[in-house]
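The values are calculated or read from the model by the stated rules, or taken from the named source; none is laboratory data. For clarity, every value in this text was computed on a predicted model and none was experimentally measured. Here the Cβ is made from the backbone with ideal geometry for all residues, glycine too, and neighbour counts use every protein chain on show.
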Amino acid sequence: VPQQVTASKVGQLLKCVRPFSPGTPLDPDDAGEAAHYGTAWHECQEILVKSGGLLDLEDALAALQKVSLPSGEAKSLHAHALEGWHCLNKWLMGDNPWGETFRVVDTEAHHATAFQRIGPKYSATSRVCDFDLETHTYDLRPGEFGGTYDLLVMSERRRCVIDHKTGDWGAFHQPEEMPQMLALATQTGADAVAILHAPRGLPPQIYASEVSPTALQNFGRRLRAAMRRIGDGSMAPSEEACKFCRARSTCPAKDGELLKRAGAIVSAASGLAIPRTPEELGRFHQMIGEVEKLMFRAREEIKSRVVAGEIIERPDGKVLVLETRSYESLSKSSIVEALGKTEGEKLISSLRKKGVVSQGERVEMHARKG
Ligand code: SF4
């Protein structure tokens with residue numbers, strides 16, 4: 001399943017469509033400790049917003065347990081979340097660029113949004129959709145993108161969508177230029193966007209700005225164009241795009257380093273004695289991974305040259321040719337993708353009852369940090 005188009009990923013999509021294209025293998029999404037802490041902080045903030053400022057230490061503890069972080073951090077999470085709330089509450093009460101009082105419309109809602117082009121203009125239609133917490137997947141229909149806002153607030157004149165950030169990196173002083181915020185504004189019909197930036201150990205701050213209808217139109221045009229390019233085979237490497245890309249390890253544009261090492265890998269593989277000690281076996285296992293990546297890359301390179309019209313003959317006299325073969329594939333994700341989450345899961349469950357789905361356990365070997 002390729003990367004879904006979501007508000008938090010549209011910035012990446014506008015830079016490079018390859019991670020979103022069908023068939024692109026994605027690296028595992030191993031959220032680090034900082035991301036888990038951020039999730040727990042978000043949960044505490046939601047409780048504070050909904051209760052008007054009440055948060056028990058037990059709430060912080062439960063939020064930490066949900067993301068498997070040590071309970072010893074509950075006190076500091078509690079204090080950190082309250083700091084964020086005080087800053088937010090002051091802002092809602094009028095300490096904002098417009099001097100207006102805001103009321104909460106809703107928190108943490110999941111939306112699926114599609115664009116329509118009406119004459120020269122783009123209009124967006126959003127619906128509330130399901131979100132699978134385990135796989136972080138939205139129940140999207142073709143042409144839709146997903147998104148979840150942290151907080152939606154309204155004054156008499158403005159509708160503002162707010163996102164919370166707890167990382168100690170990033171520049172958020174111009175939220176109106178962030179693709180994620182433009183996507184959230186599009187989904188919620190907001191005309192203002194804000195970031196509550198609450199890094200651990202630093203004073204929280206809110207950056208807010210209006211978003212003009214022209215900016216939203218331009219964003220809609222760019223996003224729609226990028227979504228239409230998904231699957232066209234293009235890729236656009238750049239430091240910014242590739243840094244956090246989940247399709248990086250299989251990307252033909254990003255394996256220069258691997259290719260530089262290709263000679264060393266191949267000669268190491270060909271001159272290898274049968275490994276015996278645990279150290280030799282460990283080295284051997286790591287090398288297998290590199291050889292596999294190299295083989296994948298080599299096949300891609302050779303195929304692209306055959307596509308370009310080059311005649312390539314192997315030492316055994318066989319010539320490489322391109323043949324089109326039709327295929328069919330059926331998987332749980334293809335069923336859910338075609339029928340939607342509810343109908344798809346119904347069908348999978350009925351197939352399971354009929355004994356069509358084989359189940360079992362297998363032992364797999366993976367390399368993990370010791
Ligand atoms: S590594 Fe870079 S070029 Fe390759 S798919 Fe990712 S963003 Fe695109």
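Only one of the numbered conditions (1) surrounded by 15 or more Cβ atoms within 10 Å (Cβ to Cβ); (2) in contact with a Ser or Thr (Cβ under 8 Å, 6 or more places away or on another chain); (3) more than 26 Å from LEU184 (Cα to Cα) is not met by LEU69, and that is (2). Of the residues making up the range 26-48, at least one is within 16 Å of the ligand (Cβ to nearest atom) and in contact with a Lys or Arg (Cβ under 6 Å, 6 or more places away or on another chain).
Listed conditions (1) closer than 30 Å to VAL321 by Cβ; (2) at pLDDT below 75 are all met by ILE274, apart from (1). A single member of PRO179, PRO237 is within 16 Å of the ligand (Cβ to nearest atom), at pLDDT 95 or above, surrounded by 14 or more Cβ atoms within 10 Å (Cβ to Cβ) and over 24 Å from HIS80 (Cα atoms), and it is PRO179. Return yes when ASP232 is at pLDDT below 80, within 16 Å of the ligand (Cβ to nearest atom) and more than 28 Å from HIS42 (Cα to Cα) and no when it is not. Against the criterion (at pLDDT below 80, within 16 Å of the ligand (Cβ to nearest atom) and more than 28 Å from HIS42 (Cα to Cα)), ASP232 does not qualify. Test GLN187 against the stated conditions and say whether it is surrounded by fewer than 22 Cβ atoms within 10 Å (Cβ to Cβ), assigned to a helix (DSSP H, G or I) and out of contact with any Leu (no Cβ under 8 Å at 6 or more places or on another chain). Answer is no for this residue.
Can you pull out every residue in the range 7-25 that is more than 15 Å from the ligand (Cβ to nearest atom) and surrounded by fewer than 23 Cβ atoms within 10 Å (Cβ to Cβ)? Selection gives SER8 alone.
On the stretch given as the range 207-225, residues that are surrounded by 18 or more Cβ atoms within 10 Å (Cβ to Cβ) and of a type in the set (A, V, I, L, M) total 4. Is there a residue being assigned to a helix (DSSP H, G or I), loosely packed, with under 10 Cβ neighbours inside 10 Å and not acidic (Asp, Glu) anywhere in the range 345-361? Taking every residue of the range 345-361 in turn, at least one turns out to be assigned to a helix (DSSP H, G or I), loosely packed, with under 10 Cβ neighbours inside 10 Å and not acidic (Asp, Glu). Residues in the range 1-15 that are farther than 19 Å from TYR138 by Cα and out of contact with any Pro (no Cβ under 7 Å at 6 or more places or on another chain): LYS15 alone. If you go through the range 7-61 and pick out every residue that is over 16 Å from the mean Cα position of the chain (by Cα), at pLDDT below 90 and not in a helix (DSSP H, G or I), you end up with 1. Every residue in the range 304-322 that is outside any loop (DSSP other than H, G, I, E, B) and either loosely packed, with under 11 Cβ neighbours inside 10 Å or among the basic types (Lys, Arg) (or both), please. Within the range 304-322, ARG305, VAL307, GLU313, VAL319 qualify. Put simply, of LEU26, LEU54, LEU48 the only residue that is hydrophobic (A, V, I, L, M, F, W, C) and free of Cβ contacts under 8 Å to residues at least 12 places away in the same chain is LEU54.
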